[in-house]
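Structure first, then comments.
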Amino acid sequence: MVLRLLFPLGLLALLGILLIFLIHVINPKYQDKIVSSTYIWKKALKMKKKRLPIDRFSNLILFFTQCLILALCAMALASPNLFTEQSLRNDMERIVVIEASAGMRAKYLGDEEGETRFQRAIDEVRVGMNDVLMRQNGFLTIIIADDEPYYLFNGASMTDYSDVVRALDGLECPMCKSDMQTAIEMAQERMLVNPASEVYVYSGTEYGFTGDAVTTVNVADFDHEWNIGILGCEVAVEENEYIFHAELGAYGKIAVDKTLCVDIYGARNGSEEGTHDYTGIRVPVTFVVNTESPGMELKQTVDVRATDLSIGGKTDWFFSSYERVELRIADTEDSISEDDTLVVYGGEKDPIRIQYYSTNPNTFYFLVFSILRDEMRLTRDIVFDQVTDGDPKNEGYDIYLFEHAIPKIVLEEGLPKDGIVFLFDPDIDEESLEGLGYKFGEEVTPDSFTYFREGSKGHPLTQSMQPNRIGVSCYKKFESFDETFVPVMYCDEDPIVIAKNMPDSKLIVMPFSINYSNFSVQWDFMIFLYNAIDYYLPLTLEEHSFELGDSAAV
């Protein structure tokens, strides 16, 4: 008869005894005081005669009782179990651990069936099951070691034979990693019930488990297995061009001489409408596998540039974004077909369409947004349209820049509701201002060049800016504006930039001309535009590549 604790960590609760002891030490003690009263003296004498001797130990009894309760709770957490000779059976029991990882899907290439490592492991388990359950009348425990190991059966006996067969027939090997460490720990827990049991590990990888009770069965067959696969692909931007770093791996006894095909779909060059597909890029790949250690995986990285003429690219295949890139190992029949292809998403960037309208166009804005396009090239695809002839559009853009006169379409239909509207030095005609939520007063010409100061503290539009470097020599004064506007910057005591961010109105008003300000020559103007895009049009996804288990919120 053996007493064992299934969860010894539960005994840590005994540390609470120190806390109980500390409470009793710091607990205030009441002192006896002499009171000159005959009545109280007689009453106390009478009660003293009735007291039991154990009363003086009442505090100690309380202390020991609390300690006992805590100790019992700790023992309950530790789950003590008394194993008899019957429960600690010495009957034949086999604990089977089957690796269920992507590598176990490798096929045997020597026959038409193409049996996988996982299937060979199942066949081996069936043979052992017949010996344990039928001949020796023993017990069988099966643990499937996938990314979250679990018991397929725990202590199955001969009466469970048909259920075990059906369960094994229904098993499929997933495309995942195997948590062998947890699976072995589960096997060790099972051995507490039957210390005489034996452990069999079926795997295609040498894990180096030690101990007489552990038998490792390697179901890999490198004489009839070889594989080349695409392990991953990292995307980088070098000199404004996408470079694809494809990592390849191979194992087996034969030399591998294959071709990596790279096809790019949905590419945009940033200046033309529509998308383009760039296919036909072919990169030769050679692996010379070590015949002495055929199971060792060899790796190499292949860099792919679409403008490389030597691999089938063209010099005009220069693009600023893409929808997806498909990588494929051509003309291959290996042990694992699932890793012969890989699709990389995330090159498609959020498009930002900008329309600029002015009665006196300034090339400054085109230059600014060209620089901004380069600064945001990894996350945004900026398209800049300047309207010189005809009327501008009132919809279909993300940013509308109206300088000087307010377009007629805006006066008739109102401000665009599908993007940010910038009003630079807008017309002060009262008819133009109707319904826009603000009103101009007089034009102000300070005696000297006057610099700005920050308005709303910590506003996202002025993040990382220094407004005190920006100034004007002439501006229009706001007579009033409604409560939906926030003063972002001031010139003296006058609001000089106001902004609103309402569901149906995203508006920034700057009542001064660029020609009367140094705003255009300061880097702060670029920061201001960058902040406006980030504030009004935030990215829905800040990453375009995710691992298993990652989450994305939209």
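The values are calculated or read from the model by the stated rules, or taken from the named source; none is laboratory data. Just so we're clear, the structure is a prediction, and the values are computed from it rather than from any experiment. Here the Cβ positions follow ideal geometry from the backbone for every residue, glycine too, while neighbour counts run over all protein chains shown. Protein only, heavy atoms only, side chains kept; ligands, DNA and RNA dropped before computing areas. Shrake-Rupley method; radii C 1.70, N 1.55, O 1.52, S 1.80 Å.
Within the stretch 496-513, is even one residue assigned to a strand (DSSP E or B) and modelled with pLDDT under 90?
The answer is yes; a qualifying residue exists.
Give the stretch 378-388 a look and list any residue that's open to solvent by less than 80 Å² (accessible area, probe 1.4 Å) and not basic (K, R), or say none.
The answer is T379, D381, I382, V383, F384, D385, Q386, V387.
How many residues are assigned to a loop (DSSP other than H, G, I, E, B) and either within 18 Å of D398 (Cα to Cα) or open to solvent by less than 80 Å² (accessible area, probe 1.4 Å) (or both) if we restrict to the stretch 354-377?
The number of residues fulfilling the criteria is 4.
Filter the stretch 256-277 for residues that are farther than 17 Å from V302 by Cβ and open to solvent by 20 Å² or more (accessible area, probe 1.4 Å) and give the result.
Listed by number, the residues that qualify are Y265, R268, N269, S271, E272, E273, G274, T275, H276, D277.
Can you give me the number of residues within the stretch 389-402 that are over 22 Å from N269 (Cα atoms), part of a loop (DSSP other than H, G, I, E, B) and either modelled with pLDDT of 90 or more or open to solvent by 80 Å² or more (accessible area, probe 1.4 Å) (or both)?
Going through the stretch 389-402 one residue at a time, the tally reaches 4.
Okay, residues lined up against (1) part of a loop (DSSP other than H, G, I, E, B); (2) among the acidic types (D, E); (3) closer than 22 Å to A236 by Cβ:
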residue: R282; (1), (2), (3): no, no, yes
residue: T315; (1), (2), (3): yes, no, yes
residue: L327; (1), (2), (3): no, no, yes
residue: V383; (1), (2), (3): no, no, no
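Pull out all pairs, ordered by first then second residue, where Cβ-Cβ is under 8 Å, the residues are six or more apart or on different chains, the first lies in the stretch 403-423 and is acidic (D, E) and open to solvent by 40 Å² or more (accessible area, probe 1.4 Å), and the second is assigned to a loop (DSSP other than H, G, I, E, B) and at pLDDT 85 or above.
Close Cβ pairs (under 8 Å, with a partner that is assigned to a loop (DSSP other than H, G, I, E, B) and at pLDDT 85 or above) amount to E413/N394; D418/E395; D418/G396; D418/Y397; D418/D398.
Going through the stretch 130-150 one residue at a time, which ones are within 17 Å of S203 (Cα to Cα) and either open to solvent by 40 Å² or more (accessible area, probe 1.4 Å) or outside any loop (DSSP other than H, G, I, E, B) (or both)?
T141, I142, I143, I144, A145, D147, E148, Y150
Select from the stretch 110-119 the residues that are at pLDDT 80 or above and either assigned to a loop (DSSP other than H, G, I, E, B) or more than 37 Å from the chain's Cα centre (by Cα) (or both) and list them in ascending order.
E115
How many residues are more than 24 Å from L537 (Cβ to Cβ) and either hydroxyl-bearing (S, T, Y) or open to solvent by 40 Å² or more (accessible area, probe 1.4 Å) (or both) when one looks only at the stretch 452-464?
1
Looking only at the stretch 153-192, how many residues end up being aliphatic (A, V, I, L, M), open to solvent by less than 50 Å² (accessible area, probe 1.4 Å) and either assigned to a loop (DSSP other than H, G, I, E, B) or within 13 Å of E99 (Cβ to Cβ) (or both)?
Number of matching residues: 5.
Determine, yes or no, whether A220 is modelled with pLDDT of 80 or more, farther than 30 Å from T286 by Cβ and buried (at least 18 other Cβ atoms within 10 Å of the Cβ).
No; evaluated as a whole, the condition is false for this residue.
Scan the stretch 210-234 residue by residue and report those that are in a loop (DSSP other than H, G, I, E, B) and within 30 Å of K299 (Cα to Cα).
T210, V219, A220, D221, F222, D223, H224, E225, listed by residue number.
Please work out which one of (1) farther than 22 Å from V214 by Cβ; (2) touching a Phe, Trp or Tyr at 6+ places or on another chain (Cβ under 6 Å) is the condition G155 fails and give its number.
Just one mismatch for G155, condition (1).
Run down S335, S310, S293 and say which single residue is out of contact with any strand residue (DSSP E or B) (no Cβ under 7 Å at 6 or more places or on another chain), within 22 Å of A106 (Cβ to Cβ) and not in a strand (DSSP E or B).
Just a single option satisfies the conditions, and that option is S293.
Could you please find all residues in the stretch 199-257 being over 30 Å from T141 (Cβ atoms), touching a helix residue (DSSP H, G or I) at 6+ places or on another chain (Cβ under 7 Å) and of a type in the set (G, A, S)?
G229
Since P467 meets every condition but one in (1) under 28 Å from P538 (Cβ atoms); (2) free of Cβ contacts under 8 Å to residues at least 40 places away in the same chain, which condition does it not meet?
Just one mismatch for P467, condition (2).
Please work out if F440 is surrounded by 15 or more Cβ atoms within 10 Å (Cβ to Cβ), at pLDDT 90 or above and assigned to a strand (DSSP E or B).
Answer is no for this residue.
For the stretch 309-319, does any single residue satisfy the condition of being open to solvent by less than 80 Å² (accessible area, probe 1.4 Å), in contact (Cβ under 8 Å) with a residue 60 or more places away in the chain and under 26 Å from the mean Cα position of the chain (by Cα)?
no
If you go through the stretch 193-209, how many residues are within 21 Å of D146 (Cα to Cα) and in a loop (DSSP other than H, G, I, E, B)?
Total satisfying the criteria: 6.
Between a residue in the stretch 449-460 that is among the basic types (K, R) and any residue that is open to solvent by less than 40 Å² (accessible area, probe 1.4 Å), which pairs come within a Cβ distance under 9 Å, given they are 6 or more apart or on different chains?
Filtered contacts from the stretch 449-460: R453/P467; R453/M489; R453/C491.
Kindly provide the set of residues from the stretch 339-353 that are surrounded by 15 or more Cβ atoms within 10 Å (Cβ to Cβ) and in contact with a Leu (Cβ under 8 Å, 6 or more places away or on another chain), ordered by number.
Listed by number, the residues that qualify are D339, L342, V344, K349, D350, I352.
One line per residue, one yes/no per condition, for (1) of a type in the set (D, E, K, R); (2) within 32 Å of the chain's Cα centre (by Cα); (3) at pLDDT below 90:
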{"site": "E206", "(1), (2), (3)": "yes, yes, yes"}
{"site": "C261", "(1), (2), (3)": "no, yes, no"}
{"site": "R268", "(1), (2), (3)": "yes, yes, yes"}
{"site": "E272", "(1), (2), (3)": "yes, no, yes"}
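May I ask you to list the residues in the stretch 150-187 that are touching a residue at least 60 places away in the same chain (Cβ under 8 Å) and small (G, A, S)?
Within the stretch 150-187, G155, S178, A183, A187 qualify.
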